[in-house]
Each structure stands twice: as C-alpha cells, then as structure tokens.
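S.K.: Okay, handing you the structure first.
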Amino acid sequence: MTIAANPSLSGKTALVTGSTSGIGLGIATALAAAGANLVLNGFGDSQAALAQIEALGVQVAYHGADMSKPDEIEAMIAFAAERFGAVDVLVNNAGIQHVATIDTFPVERWDSIIAINLSSAFHTMRVALPAMRERGWGRVINIASVHGLVGSAGKSAYVAAKHGIVGLTKVAALENARTGVTVNAICPGFVLTPLVQKQIDDLAARESLSPDDARAKLLGEKQPSAQFVTPQQIGEMAVFLCSNAASEMRGAALQIDGGWSAQ
Ligand code: NAD
C-alpha cells in the first residue's frame, strides 16, 4: 500500500467567501499552500490577505461581493471563472453573529444572518455546481459550526442558519452523489477570531471580567478541551476534503470542536 502525501491542488482554483480574516483566511492559506489559485472575498483588509496568499507563490485575486446580495454573488462566481477558468473548490465561509434572546432580537439582524450565513451558500452553489459537474470534479466545503448540530441560548438566527446549512449540505451532496463533486460541512467549536473576540469583549464588559477571565469563561462554558480550535486546523481539514481519500465523503458534517458536541 502506498500512502499519498497531501494532495496537490496546483492548477485548481478555490474561492473562499469571507476570507479577509479568521477561519476563511486560514482556509485560503492552507489551500494556497497545497497549490491552489485563490479568489478571496470579504470586508476586511483585502490587501493584507492578498499579500499573505501571494507570498505562497500562487495566483490570487479579490472580489468584494456582499454575500447578502444574490446578484453580487453571481458576479463573483463569473469573475472567478473569467479570471482562472473555473471554480474547482468553493468554500462557503462568510458569516456574522448577533447574540440576543428571541423576543429582543432585531428583525434586520435576523434577516442579515440568514442571508449571509445560509442563503449565500445556496446562491454560490446554484451558480457554481453546474460547471463543476461539467468538469467532472469539484469540492464544496460549507463552514457550518457546532451550532449546526446543537443550540445555545441567545443565538437563534445563527443556530437556525447553521442547522440550515448542514441540511443544505446533505441535499447538495445527494443531488451530486453520482458525480465527482462532493459537498461537506465543517462544524468548528470556538475559534479565536474577530467574531468570537466580540463575544469575549461583551462578556468582559457585562460581568466586569478581565480579558483573560472572559476568554476562559466563554471557553469553559462550552468547550471541554478549554483550547480554541485554530484557523490552521480547519484549513488542513479543508485540504483533506479536497483529497482523493475524501472522494466518498458526501454530505458529512464534521465536528472540530474540542469535544463540545460530544457532551
Ligand atoms: P470573522 O469575522 O473573522 O470572518 C468573517 C468573514 O466574513 C470576514 O472576512 C468578513 O469580512 C466576511 N463577511 C462578513 N459579512 C460579509 C458579507 N456580507 N459579504 C462578504 N463577506 C462578509 O469570523 P470567523 O470566526 O472567521 O467566521 C468565519 C465562519 O466560521 C463563519 O461562517 C462563522 O459562523 C464560522 N464559525 C466561526 C466560529 C468561531 O468560533 N469563530 C465557530 C464556528 C463557525
């Protein structure tokens, strides 16, 4: 038996939504390190993200589509196809959070979270899947969350969107099960990114805690390992999902959550 090393993604193009920071940038970096050309997206520091990926010796471009706008999503996929010929790996990662009880949840925040964290993946897949099938190979990786599998008080829109994307992943996987296109979801626990830093800051302010104590409390309430998952670890998982070893993984929701969902 020969053991294959990490797959080479050279000659392939990956599009990662929300890749100017956090998990998206970690995934883009891992895919670029495996040789893929990249299309980046997101509202953060695009110049810094472009420089980080370019340094890995691949080609990289940026499109600033707003993931809550279907017409901008269509334009982004068309841009990627024009620039690099195809989207071979699609990572639906862009996401936002808002914490409030259902009765106090701002209606416009509900709508934005559903649009950005769930509907955007429908729109990217709707446009990108036919070309992947035509080419006979494709990988869609949806960044769900442990909140795609379990709930937490105060996170109604986020939990609804993440459970939704786990379901959407299964349907897309089934619709493409006889093709070379796989669709899977990754379900991380807490990762220390700007999205989680805001929750730490809010907790520190609410309970008059030091930043270190707030961080430990947030983790301690949910994540048995008491360690953050890292964007690099999630990036490596995405590279694995692009490998031949993963070609019969279809519709999976893979936890990487320090034991959160094992409780
Ligand atoms: P982040 O805030 O660092 O990154 C979010 C990215 O999405 C940024 O690039 C941001 O600019 C982009 N974005 C936000 N709104 C957008 C829009 N309308 N259009 C285009 N881009 C937009 O957060 P993160 O923690 O890296 O989150 C990335 C994904 O991982 C999200 O889907 C999040 O739900 C998921 N996730 C995060 C954690 C965690 O603990 N951080 C855990 C599980 C899942």
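S.K.: Just by accessible area at a 1.4 angstrom probe, what is the order of His163, His123 from largest to smallest?
M.R.: Ranking His163, His123 by accessible area, largest first, yields His163, His123.
S.K.: At a 1.4 Å probe, what is the % contribution of carbon and sulfur to the accessible area of the chain?
M.R.: 55 percent
S.K.: Another question about this same structure. Val58: accessible area at probe 1.4 Å, nearest 10 Å²?
M.R.: 20 Å²
S.K.: Still on this structure: Which residue fluctuates most in the GNM of the chain (Cα springs below 10 Å): Asp202, Asp111, Asp212?
M.R.: Result: Asp212 has the largest fluctuation of those listed.
S.K.: Can you give the direction-averaged projected area of the convex hull of the alpha-carbon atoms in the range 120-256, in nm²?
M.R.: 8.8 nm²
S.K.: Sort Phe105, Phe228 by accessible area with a 1.4 Å probe, largest first.
M.R.: Heavy-atom accessible area, descending, gives Phe228, Phe105.
S.K.: Anyone know which of Ala204, Ala86, Ala185 comes out most mobile in the 10 Å Cα GNM of the chain?
M.R.: Of Ala204, Ala86, Ala185, the Gaussian network model singles out Ala204 as fluctuating most.
S.K.: Which one, Gly95, Gly220, Gly151, has the greatest fluctuation when you compute a Gaussian network model over the chain with C-alpha springs under 10 angstrom?
M.R.: Gly220
S.K.: I've got another one for you. In what sequence, largest accessible area first, do Glu175, Glu72 appear using a 1.4 Å probe?
M.R.: These residues rank, largest area first, as Glu175, Glu72.
S.K.: Setting aside same-chain residues fewer than 8 positions from Lys155, which lysines have a Cα under 19 Å from its Cα?
M.R.: Candidates past the 8-residue exclusion: Lys198, Lys217, Lys222.
S.K.: At q = 0.08 Å⁻¹, work out log10 I(q)/I(0) for the chain with the Debye formula, treating every Cα as an identical point scatterer and leaving solvent out; two decimals please.
M.R.: -0.30
S.K.: Taking only Cα atoms, what is the 0 to 90° angle, nearest 10, from helix 194-207's long axis to the longest principal axis of the chain?
M.R.: In the chain, helix 194-207 runs at an angle near 0 degrees to the longest axis.
S.K.: Would you mind getting the accessible area per residue of the chain, heavy atoms of the protein chains only, 1.4 Å probe, in Å²?
M.R.: 45 Å²
S.K.: Next question, about the same structure. Could you work out how far helix 231-241 tilts from the main Cα principal axis of the chain, as a 0 to 90 degree angle to the nearest 10?
M.R.: 40 degrees
The values are calculated or read from the model by the stated rules, or taken from the named source; none is laboratory data. Bear in mind that the values here come from a model prediction, so they are computed numbers and not experimental data. What goes into the accessible areas is simple: the full protein's heavy atoms, side chains included, and nothing from ligands, DNA or RNA. Shrake-Rupley method; radii C 1.70, N 1.55, O 1.52, S 1.80 Å.
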